[in-house]
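The values are calculated or read from the model by the stated rules, or taken from the named source; none is laboratory data. No experiment lies behind these values; they were computed from the predicted model shown. Using ideal geometry, Cβ is built from the backbone for each residue, glycine included, and neighbour counts are taken over all protein chains shown. Surface accessibility is based on the protein's heavy atoms, side chains included, excluding ligands, DNA and RNA. Shrake-Rupley method; radii C 1.70, N 1.55, O 1.52, S 1.80 Å.
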Amino acid sequence: MLESNAHAPVATREEFAQNVLIPPGELLADLRSAHPRSPGCLAGFFDEMERAAAGWQPLPMIVAAVGASGPIDQQWFDTIVVSMADSLETLLASGPVDGVFLSLHGAAIATVDADPDGVLLATVRHIVGDHVPIAATLDLHGNVSAAMVAEADYLAAYLTNPHVDTHERGAECARALVRMMSSGTRPHRAFVKLPFIPPSVTQNTKAGPYGDIIAFGQTYVGRDVENVSVLSGFTLGDTPKAGMSIVVCARTADAARETAREVATRAWGDRARYVPRLTSLADATRMAVDVGRDPTLPPLLFADVADNAGGGGRANTVWILEAFHRAGVQGCTLGIFYDPVVAAQAHAAGVGAKLHVQFNAEETHPLSGKFAADAIVMQLHDGHFIGRRGIAAGHAIELGLCARLRCNGIDVIVVSVRQQAKDPVFLEALGVDIGAQRSLIIKSRGHFRAAFDEFFPDDRIIEVDVPGLTTPVLKNVPYRNIPRPLYPLDPDWGFTVGEPQMFAARSG
Ligand SMILES: [Zn+2]
């Protein structure tokens, strides 16, 4: 599982190893543990199979997952494909395989391959043949290719953003796989790719156009329609696969075709509603100064949406930190800042030590910037966390050595593994009383909303417009590989939704 930001550094084996890399021999123990490291879809699939298919025999393959990074190193990707193929071929040599589940993201690119998710599905299909059903989950930021829809029998993308239904979508795939294995029937699939990339911050599903279109799609589910997925896509993939995707799985070709066409037509008609509302850094700084000075004002959360590790950001841009520090902001905590050098320095110095800290001393990406400040080491942590709230609740997360550093009025939570601030535990475990803060700076595009909602309702969240690898200001992204014309980068050119691409049901 990987979401590839085309402009972020290459995702290496080392980065996967720091995040989630579980060989086949260790996977079942992880899935049976109280706090699995495996992705939510896989955990949800496994739990539902245990419930719905008692006596089933799970035959594990590899797990390799990074929330988001750059394109995956081709050699490392090939190694993963070979590992999966070896697992499957070994299993097939000793007996039949009845079905295959893949937990994919859908927005990976490799340094050579343009469609790694399609390659994974095609590899599995080639080995197991047409008669074995394949089901897969996709992130709703997946950039779907026709090959992916062709090779799978059943696809289920998340319906929520923040992604709080990953377990449920995995469970849905388990039920679909059981149904396919027992009935011998497979769904027809319909696929529409819209020439439209909605800016990332306009894709929340609680309210607004994207929530509306997903809800509209769900009104078709039942009777002949098994799944309606509306994938907004990942805007920063810079790939020929860019664009919103509608994928429908149904018992009849007509139901799949009609549903996909109607949902796609509604989605395209709604395109002008996806408008980001960002606050300038100058205005955000003024607001932070004010809430720091006046305790009667409600506290604010400043979202650094352009530096979201969950979209390939480095989690270390200094722009908001530098401006707030210079303005003398008080009562503020920044979570979480990726700087293994500073974290190690804080651990070596110990709690209470006074340091002069050079943030990003070894970072080379120009969008990250440099920042130096006097700091006091307030608290240290070994980096083993169990998610408390939000998209990673209940899952084990490793952030390496962590430290809380006080830089005048701003406490900075420094971590050693690049990660987005998707759980309040990252702050709380380092001694931050979130409810007592006057402001937070949170490096995340949107998943933080499912985690920090108990402290910050939507009207106290300020999305700040600063530079970064995950900027939602699309005109600032140096695109080279996306198809054109593409809305909203290009004004309307008279596009209308045509016939969906159809993929006929295989025979069981
Ligand atoms: Zn996503």
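Counting only Cβ charges, +1 for Lys and Arg and -1 for Asp and Glu, the dipole size of the chain around its Cα centre is about 660 debye. At 4 °C and 1.567 mPa s, grab the translational diffusion coefficient of the stretch 128-177 from Stokes-Einstein with a Kirkwood Rh over Cα pairs, rounded to a whole number in µm² per second. It diffuses with D of about 113 µm²/s by this estimate.
Counting Lys and Arg as +1 and Asp and Glu as -1 over every other residue whose Cβ lies under 15 Å from the Cβ of residue 357, the net charge comes to -2. Within the stretch 437-508, the proportion of Cα pairs with more than 18 Å between them is 65 percent. The listed peptides 97-110, 45-58, ordered by packing as a protection proxy, come out as 97-110, 45-58 (highest mean of other Cβ atoms within 10 Å first). Taking amide H as placed 1.01 Å from N in the peptide plane, the amide H of residue 226 sits under 5 Å from that of 249, 250, 251, each at least 5 places away or on another chain. Residue-wise HN-Hα couplings along the stretch 123-132, as the Karplus relation 6.51 cos²θ - 1.76 cosθ + 1.60 with θ = phi - 60° gives them from phi, are 5, 5, 4, 4, 7, 8, x, 6, 7, 8 Hz; Gly and Pro carry x. Please list, by residue number, everything in the stretch 200-236 whose backbone N is under 20 Å from a paramagnetic label point 7 Å out along Cα→Cβ of residue 114. From the stretch 200-236, the list is 233-236. Taking a ≥ b ≥ c as the square roots of the Cα gyration tensor eigenvalues, the stretch 262-351 comes out oblate, since a/c reaches at least 1.5 and a/b does not exceed b/c. If you take the square roots of the eigenvalues of the alpha-carbon gyration tensor of the stretch 73-116 and sort them as a ≥ b ≥ c, do you get rounded (a/c under 1.5), prolate (a/b over b/c) or oblate? Oblate, since a/c reaches 1.5 and b/c is not below a/b. Tell me the net charge near residue 18. Cut-off is 12 Å between Cβ atoms, residue 18 excluded, with +1 for each Lys or Arg and -1 for each Asp or Glu. Net charge around residue 18: 0. A simple rule links phi to the HN-Hα coupling: the Karplus curve 6.51 cos²θ - 1.76 cosθ + 1.60 with θ = phi - 60°, which for the stretch 152-163 gives 7, 9, 8, 10, 9, 8, 4, 9, 10, 8, x, 7 Hz, with x for Gly and Pro.
Electrostatic tally near residue 444: other residues with Cβ closer than 12 Å to its Cβ, Lys and Arg +1, Asp and Glu -1, net 0. In plain terms, the bigger the Kirkwood radius, the slower the diffusion; for the stretch 151-253, with that radius from Cα pairs, at 10 °C and 1.306 mPa s, Stokes-Einstein puts D at 109 µm²/s. Ordered from longest to shortest, the equivalent ellipsoid semi-axes for the stretch 1-159 are 23, 18, 16 Å, each the square root of 5 times a Cα gyration tensor eigenvalue. Rounded to the nearest 20, the Cβ-based charge dipole of the stretch 224-316 about its Cα centre (Lys and Arg +1, Asp and Glu -1) stands at 160 debye.
For the chain, the relative contact order comes to 18 percent (Cα pairs under 8 Å, sequence separation of at least 6). Placing a label point 7 Å from the Cα of residue 94 along the Cα-to-Cβ line, the residues of the stretch 110-138 whose backbone N sits under 18 Å from it are 128.
Going by alpha carbons, how many degrees (0 to 90, nearest 10) lie between the helix axis of 40-52 and the longest principal axis of the chain? Its long axis makes an angle of about 50 degrees.
Based on the Kirkwood approach, the hydrodynamic radius assigned to the stretch 374-508 is 18.5 Å, with every pair of different Cα atoms included. Counting only protein heavy atoms and a 1.4 Å probe, the chain has 37 square angstrom of accessible area per residue.
Annotation: lysines with alpha-carbon distance below 23 angstrom to residue 475 (same-chain offsets under eight excluded): 193, 241, 443. Can you tell me the FRET efficiency between residue 78 and residue 428 if r is taken as the Cβ-Cβ distance and R0 is 41 Å, rounded to the nearest 0.05? So, using R0 = 41 Å, E works out to roughly 0.50. Once divided by 2.2 N^0.38 Å, the Cα radius of gyration of the stretch 16-85 becomes 1.20. For the pair the stretch 405-426 and the stretch 44-67, the centres of their Cα atoms are 33 angstrom apart. Taking amide H as placed 1.01 Å from N in the peptide plane, residue 371 has its amide H under 5 Å from the amide H of 359, each at least 5 places away in sequence or on another chain. Measuring only protein heavy atoms, the 1.4 Å probe finds residue 465 accessible over about 70 Å².
Classify the stretch 308-372 from the C-alpha gyration tensor, please: rounded if a/c falls under 1.5, else prolate or oblate depending on whether a/b exceeds b/c. Oblate is the answer for the stretch 308-372, as a/c is 1.5 or above yet b/c matches or exceeds a/b. The relative contact order of the stretch 24-137, computed from alpha carbon pairs under 8 Å that lie at least 6 residues apart in sequence, is 27 percent. Highest-first packing order for the peptide set 432-442, 189-199, 30-40, 359-369 is 189-199, 432-442, 30-40, 359-369, based on the mean count of other beta carbon atoms within 10 Å.
On the accessible surface of the chain, probed at 1.4 Å, how many percent belong to carbon and sulfur atoms? About 53 percent, which is the carbon plus sulfur part of the accessible surface. Here the peptides 416-423, 224-231, 88-95 are ranked by packing, the mean other Cβ count within 10 Å, and the order with the highest first is 416-423, 224-231, 88-95. Per the Cα gyration tensor, the chain maps to an equivalent ellipsoid with semi-axes of 39, 26, 20 Å, ordered largest to smallest.
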